[in-house]
Amino acid sequence: MSNEDITPVRRQYLEEKKKHPDAILFFRLGDFYETFDEDAEITARELDIVLTSRPVGGGVRVPLAGIPYHAVENYLARLIQKGYHVAVCEQIGEVPAKGLVERKVVRVVTPGTVTEPGLLPGDANNYLAAVILDSSGSSFGTVASVSYTDVTTGEFAVVELPLEALRAELTRLHPAEILHSDNQVLPDGIAGHLTALPAWKFEPGKCNEVLLTQFKSSTLDGFGLKANSLSVRAAGAIVQYLKETQPDALNLLNSLRSYSLNEFMTLDASTRRNLELNETLRGERKGSLLGALDATVTPMGKRMIHQWVSQPLLNVERIQKRQNGVAYFVQNGMARAELRETLKPIADLERLINRVITGQAQPRDLVAMRGTLGAVSAIVEVLQENGKWKAEQLPKPDLLGGQLSLLQNALDDDPPATLQNTGVIRPGYSQELDSVMDASKHAREWIANLESVEREKTGIKTLKVGYNKVFGYYIEISRGAADKAPEHYIRKQTLVNAERFITPEMKEYETLVLNAEERIKEIETRLFKELCAELAKAASQILATARAIATLDALSALGEVASLNGYTQPEVHEGGGLEIREGRHPVVEQSLKSERYISNDVIFEAGELVRVITGPNMSGKSTYLRQTALIVLMAQMGSFVPAASAKIGLVDRIFTRIGAQDEIHAGQSTFMVEMVEAANILHHATPRSLLILDEIGRGTSTYDGLSIAWGIIEYIHNHPGLRAKTLFATHYHELTQLAELLPGVRNYNVAVSESEGKVVFLHKIIPGGADRSYGIHVAQLAGLPAPVIARANEIMIELEKSAARGVRIDPNVAQQVALFPETNPLLDELKEVDVNALSPIEALNKLFEWQRKFAKRDKEQKH
Ligand SMILES: Nc1ncnc2c1ncn2[C@@H]1O[C@H](COP(=O)(O)OP(=O)(O)OP(=O)(O)O)[C@@H](O)[C@H]1O
Ligand SMILES: [Mg+2]
């Protein structure tokens, strides 16, 4: 088909489509968004709508699928959820009498740039991220940068990090869409919707320029960014992408925060999952730590507490600042209750201002904003006394009085939901609007009165005023009385029984009435846009207020949870200790109904490094491990903790390896995954880390598993760069021997009461090693058939006879490992002795003690 044969509208379509080859083009034609060609086939298939066809000139027809414009949000949502990008092409300006109306793509909707409320998770951020890797060659210490933004809230941040931390950071952010350069391959295991951009979009010079323009600034120093750095490239790519997809959203991005991973506790992806921070292993919010702590009442507060749980802090001052906020609400129950009540009507201010800025706001959005701004004064009221702010530790929202009164004056009390209908603007706000309204009202009244007025004047009883589409308003007089019609009546139509007339004056009023509706709509739309523009000017103040409210919501929620569950304020310090008295598991505790939760201490004595915890199945080992990790994490997010008291030396990373889950992903077996994670821990843990190792080595044969577990504990204990606090739960009772060989290892077990054949697990962690697992007992409780249980007991007795209390490790072998020249425990002790501070008798005692230790080992070796 030659180009001349193509219809003009088809040509226009092809032009736009050429610019967006990777997106489905929604092409506005009157009341429909039409899709064509392959797009139509995809749309029809994915949305289950009818596929038809349309002539495009030269006798050719192409596939077509259309969506009514008023239902577009729903269809858009479904396509985005399926991973498509949609370019929305609108009609621009008036439809001309002749020729084509102009059409332009106004935005491209992608998973990371959606702003439709129905498409957004209310309680979490919808992040768009960009990732760039340093491809300068060396693989050693390779770095990467991640930038992310939430276009609905204006948050925009960037970080540089080592490649191995990339996955963890992306797991934390859980972006809806990840941009990357099409000449770079991202490492394995990065989940999410990936969008490849041409490499030049990440080009340093281009990105510098884009960011400078965006921030209207002449240098990026103020943002903590070095020119041409990886950070600049990642952030620059985001800005360029938004320029193409959602240009209005750029108005909200007025600052870029560059942060460092050193600000936050490092939690790798599997640790986040294992500790069930934001969701349970089954993917539910209920049952997660977030589920237990999130008592917020506003959507903004929900997002904030989500961020806090995901990013525990590493700075004592910042932690204390949050703690003080929580403490205020724990101590002031009344203020807390009142505040939470006043927060209830608060709408999602962050997202509302975004809709205002991007020109998507409808009257109902401004109604929500008016209600919310109106409620801010009540919030402030609760927290101040005689005009004085009560608590300096709490952020104070700005009242935004100017914006509030603007909304109150301009917006009608009960406007229609959208601008399709009139009645948006309050009478009295605009003279222009009022006079059009008055004129229209007057004209309508005039016409309404016309019948009685003319009957009176003419004395014709049968005179009627009517309306039809062809003539508009007319005066009808029955045939018999028609000759009495006054002179100025103009005859328009003769019917069988009547004559119809008009008058010039009547036609004038008619025009007034008919045009007024259009005029009013026009004026209201214009005033509404002006109102939005005025509010948009105050966007950063409104956002600051939104964040202050979110913070108050999150702090008071933590105060609420702390009060209801009897949490205490932990003491977080720079030292190295860990001391939790009567700690509880925040989630398990809430889920127990009839039973009481048994609290447990975790008090690492000086020099204690590894706790080996043995005990029956189902007795509470894993719960104890997790609760310790969760309490540390809660303390560092600024929350109170479920314990009688707690002193927590800052923990830089929590690592967990929780055994025997079936994660058959990326072609790795369960055991392989377990070992990869263990390797990761041993390479990255520091003396400040907390290691939660639950049954490492369970995924293989007993001897393999035991040997690996043994080796790992020795390595943690002896390696000078590691020596991290470790909780190690195991069913390998042989590991309790380590306590005799390594000074930093302690044995603990879970108390069991056994009387008259009845076994009760007391869930109490006590010093010492356990000698039985009660696995068969648990199997019986679980309902395994009686013959299986009986047979298992027989086999067990046989096995125990032959193995005679399990494997005994030859201390000869054991000691070799301990004899790393720099880490021999005896040498360590020797180094630490302050000879000057010892009395002669104490020195003698020390020597004696060492000799005895050596002698003990010698004897064991000769055995
Ligand atoms: N301190 C506690 N107080 C009350 N109930 C508890 C406590 N600790 C654990 N439980 C209960 O016991 C159940 C089993 O606990 P957990 O999974 O920690 O046992 P385990 O010792 O790790 O068992 P296994 O060896 O089979 O892995 C928990 O689901 C919980 O209901
Ligand atoms: Mg367990």
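The values are calculated or read from the model by the stated rules, or taken from the named source; none is laboratory data. Being a predicted model, the structure only gives us computed values, none of them experimental. Glycine gets a Cβ as well: all are built from the backbone with ideal geometry, and neighbour counts include every protein chain shown. Ligands, DNA and RNA are excluded from the accessible area calculation, which covers all protein heavy atoms including side chains. Shrake-Rupley method; radii C 1.70, N 1.55, O 1.52, S 1.80 Å.
Think of a 1.4 Å ball rolled over the protein heavy atoms: the chain then has 48 Å² of accessible area per residue.
Residue ranges 599-609, 642-652 sort as 642-652, 599-609 when ordered by packing (mean number of other C-beta atoms within 10 Å per residue, highest first). When only alpha carbons are used to place a centre, segment 523-580 and segment 16-44 end up 41 Å from one another. I need the shape label for segment 1-114. Rule: rounded when a/c is under 1.5, else prolate if a/b > b/c, else oblate, with a, b, c from the alpha carbon gyration tensor. Judged from the Cα gyration tensor, segment 1-114 comes out prolate (a/c at least 1.5, a/b above b/c). Using 0.36 nm per residue and subtracting the Cα-Cα separation, the extra length available between residue 324 and residue 591 on full extension is 93.3 nm.
Take the Cα of residue 688, step 7 Å along the line toward its Cβ, and report every residue of segment 567-583 whose backbone nitrogen sits under 13 Å from that point. Label zone hits: 573-577. A simple charge model with +1 on the Cβ of Lys and Arg, -1 on the Cβ of Asp and Glu and nothing else charged puts the dipole of segment 3-109 at about 120 debye relative to its Cα centre. In the chain, what percentage of the DSSP-assigned beta bridges are antiparallel, given to the nearest 5? For the chain, the DSSP antiparallel bridge percentage is about 60. Looking at the square roots a ≥ b ≥ c of the eigenvalues of the Cα gyration tensor of segment 120-263, which shape do they give, rounded for a/c under 1.5, prolate if a/b is larger than b/c, or oblate? Rounded is the answer for segment 120-263, as its axis ratio a/c remains below 1.5. Per-residue ellipticity at 222 nm computed for the chain from its helices equals -14000 deg cm²/dmol, with DSSP H segments shorter than 4 residues left out and the rest contributing -39,500 (n - 2.57).
Taking the charge dipole of the chain about its Cα centre, with +1 at Lys and Arg Cβ atoms and -1 at Asp and Glu Cβ atoms, the residue from 231, 572, 777 reaching farthest to the positive side is 777. The peptide list 693-704, 39-50, 580-591, 234-245, put in order of mean Cβ contacts within 10 Å with the highest first, becomes 234-245, 580-591, 693-704, 39-50. Residues whose amide H lies under 5 Å from that of residue 287, counting only those 5 or more places away or on a different chain, are 292; hydrogens are built 1.01 Å from N in the peptide plane. Per atom type, the chain shows carbon and sulfur on 52% of its accessible surface, probed at 1.4 Å. Here the chain is assigned +1 on the Cβ of each Lys and Arg and -1 on the Cβ of each Asp and Glu. Its dipole about the Cα centre then comes out at about 580 debye. I need the calculated FRET efficiency for the pair residue 164 and residue 414, taking r as the beta carbon distance and R₀ as 56 Å, to the nearest 0.05. The formula returns an efficiency of 0.50 here.
Can you tell me how the chain classifies by the Cα gyration tensor, rounded, prolate or oblate, using a/c under 1.5 as the rounded cut? Since a/c reaches 1.5 and a/b is larger than b/c, the shape of the chain is classed as prolate.
Could you calculate the FRET efficiency of residue 582 with residue 467 from 1/(1 + (r/R0)^6), where r is the beta carbon distance between them and R0 is 56 Å, rounded to 0.05? It comes out at approximately 0.10.
Cα centroids of segment 216-272 and segment 141-214: 9 Å apart. Take each peptide in 492-500, 371-379, count the other Cβ atoms within 10 Å of every residue, and average; sorted highest first, the result is 371-379, 492-500. Modelled spin labels at residue 534 and residue 800, positioned 7 Å past Cα toward Cβ, are 8.5 nm from each other.
Taking amide H positions as modeled 1.01 Å from N, with prolines and chain starts lacking one, no residue 5 or more places away or on another chain lies under 5 Å from residue 744. Under a 5 Å amide H cut-off, with hydrogens placed 1.01 Å from N, residue 657 pairs with 692, 693, 694 among residues at least 5 apart or on other chains. What the Cβ-Cβ distance of residue 781 and residue 194 gives, at R0 = 45 Å and to the nearest 0.05, is a FRET efficiency of 0.45. Distance between the modelled labels on residue 360 and residue 331, one decimal in nanometres: 4.4 nm (7 Å Cα→Cβ projection).
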